[in-house]
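Here is the structure we will look at, set down as structure tokens.
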Amino acid sequence: MPPLVREGFGPGPDAPGDYLGAAAEHGALQVIGTQLCDESGTPIQLKGVSTHGIQWFPTYPKHTVYHLAYDWGIDVIRPAMYVEDYKDDAYWAGYIAEPEYMTNKLTEIIDEALDLDIYVLVDWHIHNNPNNFTTQAVRFFEDMATQYGGYPNIMYEICNEPEGVSWADVKNYANTVIPAIRAIDPDNLIIVGTQDWSQRIDLAAADPLTGYTNIMYALHFYAGEHFSWVQERGNNALSSGLPIFVSEWGGSDYSGGDNGLFFQNESEILVDWMNDNNISWMNWSFSNKDETSAAVKPGVRLLGPWADQDLTQSGIMVKGMIKD
Ligand code: MG
């Protein structure tokens, strides 16, 4: 494994004089009806970015997230902590193989979010049946809730994109993990992934979880692939009373865009729809991976600051959408 802390890149940027992080401004989040609200009950829309896998595209301590907060104005950061990273018939990175390493990478970013007064989404980044790792998830989220549940900044995403599993099975998982979190942290926002890569909010709307507060449901989409159904399924979910949070969307097709295709027009239409409906969103991904959904060009460091020439079409577009 590479060293956890990268040395020699200096102390990082200073905060602008007028800097005010979203969590300092809005405090503890709460869900009222379908709407995410701030501590006073005022509706709020959070905009931010997700990293790519923190084991593959690590942020630079004191630099990357600071520049995103100061220069881009993100309200929230989502460090993508992969659960499984399977290769040659073995787990060789990700939380299952390297829990201490991955947790350290994650908490480094959480601590930076606290320092910056922004929100942070703790992402159990699974692409599988989440029930395969319920024991590990409970232990992980109990640790996170114990360390961070007292801060308004923390949000929990308990299963990124369930695959090959029914909504009923996802509910079973959620009904184990959520009570474990709530026993320690009674109030911070919990986002629940939905069947089929967090696309089937319609199934969640027909059969939601019951008995909890401050729960939202994940809707993920890639504008080049999923354009046709997003608004209809989203509007129907909201009409049914289901609170939704777009914890991941990208302007590529579902692959992330390794085919070079990018869908700016479709992205703008869907972002306008989210903004019109006060739906919080996070773009995938703030990385320099060689694919069109990545914000930074391949070969440009994630150290920051980033001029427009350092950014991809997606990066320039998303930076503008966050600043709006
Ligand atoms: Mg709490």
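Is one or more of the residues making up region 206-214 more than 16 Å from the ligand (Cβ to nearest atom) and closer than 23 Å to Leu46 by Cβ?
Within region 206-214 (the criterion being more than 16 Å from the ligand (Cβ to nearest atom) and closer than 23 Å to Leu46 by Cβ), the answer is yes, since at least one residue qualifies.
Look at region 139-162 and say how many of its residues are surrounded by fewer than 16 Cβ atoms within 10 Å (Cβ to Cβ) and either away from the ligand (no atom under 15 Å from the Cβ) or assigned to a loop (DSSP other than H, G, I, E, B) (or both).
Number of matching residues: 2.
Can you name every residue in region 112-170 that is more than 22 Å from Asp75 (Cβ to Cβ) and under 16 Å from the mean Cα position of the chain (by Cα)?
Residues satisfying the conditions are Ile126, His127, Phe141, Cys159, Glu161, Pro162.
Looking at region 291-307 only, could you name the residues that are touching a residue at least 24 places away in the same chain (Cβ under 8 Å) and farther than 14 Å from Gly250 by Cα? Break it down stepwise before answering.
At the first step, the residues of region 291-307 found to be touching a residue at least 24 places away in the same chain (Cβ under 8 Å) are 291-295, 301-306.
Arg301, Leu302, Leu303, Gly304, Pro305, Trp306, listed by residue number.
Which number in (1) part of a loop (DSSP other than H, G, I, E, B); (2) at pLDDT 95 or above marks the one condition that Gly8 misses?
Checking Gly8 against (1) part of a loop (DSSP other than H, G, I, E, B); (2) at pLDDT 95 or above, the one that fails is (2).
Search region 111-138 for residues being buried (at least 23 other Cβ atoms within 10 Å of the Cβ) and of a type in the set (Val, Ile, Thr), and hand back the single one that is farthest from the ligand (Cβ to nearest atom).
Among those that are buried (at least 23 other Cβ atoms within 10 Å of the Cβ) and of a type in the set (Val, Ile, Thr), it is Ile126.
What residue, among those in region 17-36 that are outside any helix (DSSP H, G or I) and farther than 25 Å from Phe221 by Cβ, is farthest from the ligand (Cβ to nearest atom)?
Checking each candidate, the answer is Gly17.
When Lys297 is evaluated against the numbered criteria (1) touching a Ser or Thr at 6+ places or on another chain (Cβ under 8 Å); (2) closer than 22 Å to Gln199 by Cα, which criterion, by number, is the only one it fails?
(2)
Inside region 182-202, can you point out the residues that are assigned to a helix (DSSP H, G or I), in contact with a helix residue (DSSP H, G or I) (Cβ under 6 Å, 6 or more places away or on another chain) and either surrounded by fewer than 22 Cβ atoms within 10 Å (Cβ to Cβ) or among the basic types (Lys, Arg) (or both)?
Within region 182-202, just Asp202 meets the criteria.
Does region 224-241 hold any residues that are assigned to a loop (DSSP other than H, G, I, E, B) and surrounded by fewer than 22 Cβ atoms within 10 Å (Cβ to Cβ), and which are they?
Selection gives Glu225, His226, Gly241.
Among the candidates Glu108, Glu98, which residue alone is at pLDDT 95 or above, away from the ligand (no atom under 16 Å from the Cβ) and of a type in the set (Asp, Glu)?
Testing whether each residue is at pLDDT 95 or above, away from the ligand (no atom under 16 Å from the Cβ) and of a type in the set (Asp, Glu) leaves just Glu108.
If I ask for residues that are touching a residue at least 60 places away in the same chain (Cβ under 8 Å) and among the acidic types (Asp, Glu), which ones from region 87-145 would you list?
If the condition is that a residue be touching a residue at least 60 places away in the same chain (Cβ under 8 Å) and among the acidic types (Asp, Glu), then Glu98, Glu108, Asp117, Asp123 are the ones that fit.
Residues checked against (1) of a type in the set (D, E, K, R); (2) within 16 Å of the chain's Cα centre (by Cα); (3) within 23 Å of Val120 (Cβ to Cβ):
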{"residue": "Ser198", "(1), (2), (3)": "no, yes, yes"}
{"residue": "Met216", "(1), (2), (3)": "no, yes, yes"}
{"residue": "Ser252", "(1), (2), (3)": "no, no, no"}
{"residue": "Asp258", "(1), (2), (3)": "yes, no, no"}
{"residue": "Asp272", "(1), (2), (3)": "yes, no, no"}
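Find the residue count for region 138-181, including only residues that are closer than 26 Å to Gly21 by Cα and of a type outside the set (Ser, Thr, Tyr).
Kept after step one, since they are closer than 26 Å to Gly21 by Cα, are these residues of region 138-181: 141, 143-158, 160, 181.
Cutting the leftovers down to of a type outside the set (Ser, Thr, Tyr) gives us 141, 143-145, 147, 149-150, 152-155, 157-158, 160, 181.
The number of residues fulfilling the criteria is 15.
The values are calculated or read from the model by the stated rules, or taken from the named source; none is laboratory data. Nothing here was measured: the structure is a model prediction, and the numbers come from that model. Cβ: placed from backbone, ideal geometry, glycine included. Neighbour counts: every protein chain shown.
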